[in-house]
Structures are given as structure tokens and as C-alpha cells.
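Here is the structure we will look at, set down as C-alpha cells.
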Amino acid sequence: MGIFYFPCDFVYWRKIDNCEKYKKRLLQQLNENDNLLSNTHSAYLTNASTTVSSLGHWIINNNKDIIEDIVWKSLNELISELNSRPNFLPIEINNSFITNSWFMKYEENGSVAVHNHHEVFPPMMKDGKPYKMTFSMFYIVKNDNPGNQTEFIQPTMSGTSVSERYDTRFKTSEVEDIKEGTVVIFPSNLYHQVCPIEKPNRIILSFNICSTFQ
């Protein structure tokens with residue numbers, strides 16, 4: 001007999017040790033550039049503000065230590081964990097880069113409708129090579145709510161188990177570890193939404209990663 005396991009979706013999270021130090025610095029930088037924070041009109045967003053991409057690039061260029069910790073260290077740990085499992089096809093990445101990043105600031109009842117980042121951000125070319133959108137991640141800079149409001153959804157038609165008859169949902173609000181100072185990583189094509197925020201001023205720093213493979 002034989003059996004072949006297809007890779008499946010996942011959501012990975014990791015608490016950042018220096019989160020208080022990073023929070024203080026990022027909030028200061030965000031406040032100093034408050035003029036770049038504006039309400040964005042989108043079918044996905046309700047009562048949420050986002051920054052233009054220029055501030056996201058400025059944050060990356062001026063916070064190499066933060067980016068190394070929350071993005072690259074987390075991503076390396078995730079890939080190492082996935083590749084250590086016998087039922088998961090190895091992820092053999094040759095090179096990756098941050099294709100875009102942005103802040104999100106939520107007011108009371110702010111929310112984001114169901115979407116995935118494959119729909120919003122197309123593949124890119126860099127140095128003449130095609131890069132595929134691989135991972136998306138967000139870092140919870142500030143959140144006074146009792147839990148995180150992001151929910152991940154695998155539609156019935158994308159299910160990987162014959163025992164599932166309905167959408168598979170993962171509510172991060174039910175996980176105590178996913179809170180302020182946590183980075184969350186997931187495949188860019190995994191559907192997700194942000195449920196309405198109870199307390200205002202939830203601030204998230206998000207990233208999209210593009211990669212080439214060996």
C-alpha cells in the first residue's frame with residue numbers, strides 16, 4: 001500500500017520577546033507620520049485606516065532589527081517546523097523579499113471582509129526572475145481588546161479532509177497566546193477576515209512575502 005499527503009494550509013504564531021520595546025518605537029514613528037494615515041475606501045474595509053506604502057517602506061528601512069526579528073526569524077522558524085514533519089512536502093525557498101507592507105489602525109466596529117492576498121496582490125518580477133506570492137503575516141503592535149479579531153477560513157470546496165462538510169474556520173480570538181506582541185504567518189492564498197473591533201486603536205503591521213524556489 002502507499003499514501004501521499006498533500007500540503008495543507010496552516011496558521012503559525014510566535015510571541016516576540018522584545019514586543020514592548022518594538023511597540024514604543026513603532027507607535028512613536030507612526031505618530032510622527034500621522035499625516036500619512038488616512039481612511040481608505042475599499043469594499044474590504046469598514047472603520048479602518050491604513051497607511052500609504054511609502055511609510056511601510058520607511059518602517060522597513062529604519063527598523064532593520066525589528067524586521068529581522070518579526071519577519072525573517074519567524075519565517076525561518078516556520079519553514080523549519082513545517083519541513084520537519086514527514087507528512088508535509090518540503091518548502092525549498094531560494095530567496096524571498098518583502099513585496100509590500102502597511103499599517104492598519106482600527107476604530108470601534110472596524111472590520112475587514114473575507115479576502116486573500118492572491119486576489120489583491122499579483123506575482124512580481126525582480127532582477128528578471130518571477131517571484132510568487134507565498135506568505136502573508138501581521139504583527140500585532142497594539143490591541144486593547146480581549147482577543148485578536150482575525151478569523152481564517154478554508155472554504156468547503158478547498159477542504160483537504162473527507163470528514164469536513166462545512167467551511168473550516170480558525171478563530172484566533174479563541175487562542176490566548178495570539179495577542180499584542182504576536183506575529184502571525186499564513187499562506188497568502190488562505191482566506192481571512194477581521195471581525196468587528198470592540199475597542200478602538202487596534203494597530204497591525206502587515207507584510208506580504210514573495211519567493212523563488214529551488
Please name all residue pairs, on different chains or six or more residues apart, with Cβ atoms under 9 Å, provided the first residue is in the range 153-177 and is on the phi < 0 side of the Ramachandran plot and basic (Lys, Arg) and the second residue is at pLDDT 80 or above and not in a loop (DSSP other than H, G, I, E, B). ARG169/GLU151; ARG169/PHE152; ARG169/ILE153; ARG169/GLN154; LYS171/THR150; LYS171/GLU151; LYS171/PHE152
Can we say PHE138 is at pLDDT 85 or above, assigned to a strand (DSSP E or B) and buried (at least 17 other Cβ atoms within 10 Å of the Cβ)? yes
Taking the range 80-97 and keeping residues outside any loop (DSSP other than H, G, I, E, B) and out of contact with any Pro (no Cβ under 9 Å at 6 or more places or on another chain) leaves SER80, GLU81, ILE93, ASN94, ASN95, SER96, PHE97
List pairs: first residue in the range 186-206 and hydroxyl-bearing (Ser, Thr, Tyr) and surrounded by fewer than 18 Cβ atoms within 10 Å (Cβ to Cβ), second residue at pLDDT 90 or above and not in a loop (DSSP other than H, G, I, E, B) anywhere in the structure, Cβ distance under 9 angstrom, at least six positions apart or on different chains. SER206/SER136; SER206/MET137; SER206/PHE138; SER206/TYR139
Please go through the range 112-135 and pick out each residue that is assigned to a helix (DSSP H, G or I) and either β-branched (Val, Ile, Thr) or over 14 Å from the mean Cα position of the chain (by Cα) (or both). GLU119, VAL120
All strands (runs of 3 or more DSSP E) inside the range 161-214 with 2 or more residues being touching a helix residue (DSSP H, G or I) at 6+ places or on another chain (Cβ under 7 Å): 182-187, 202-213
Taking the residues in the range 1-48 that are β-branched (Val, Ile, Thr) and modelled with pLDDT under 75 as candidates, determine which candidate is nearest to GLU92 (Cα to Cα). ILE3
Go over the candidates ASN109, ASN61 one by one and state the one that is modelled with pLDDT under 90 and in a strand (DSSP E or B). ASN109
Close pairs (9 angstrom Cβ cut-off, 6 or more residues apart or separate chains): on the phi > 0 side of the Ramachandran plot and in contact (Cβ under 8 Å) with a residue 60 or more places away in the chain in the range 79-90, charged (D, E, K, R) and in a helix (DSSP H, G or I) anywhere: none
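The values are calculated or read from the model by the stated rules, or taken from the named source; none is laboratory data. This is a predicted model, so every value here is computed, not measured. Please note: Cβ atoms are built from the backbone with ideal geometry, for glycine as well, and neighbour counts cover all protein chains shown.
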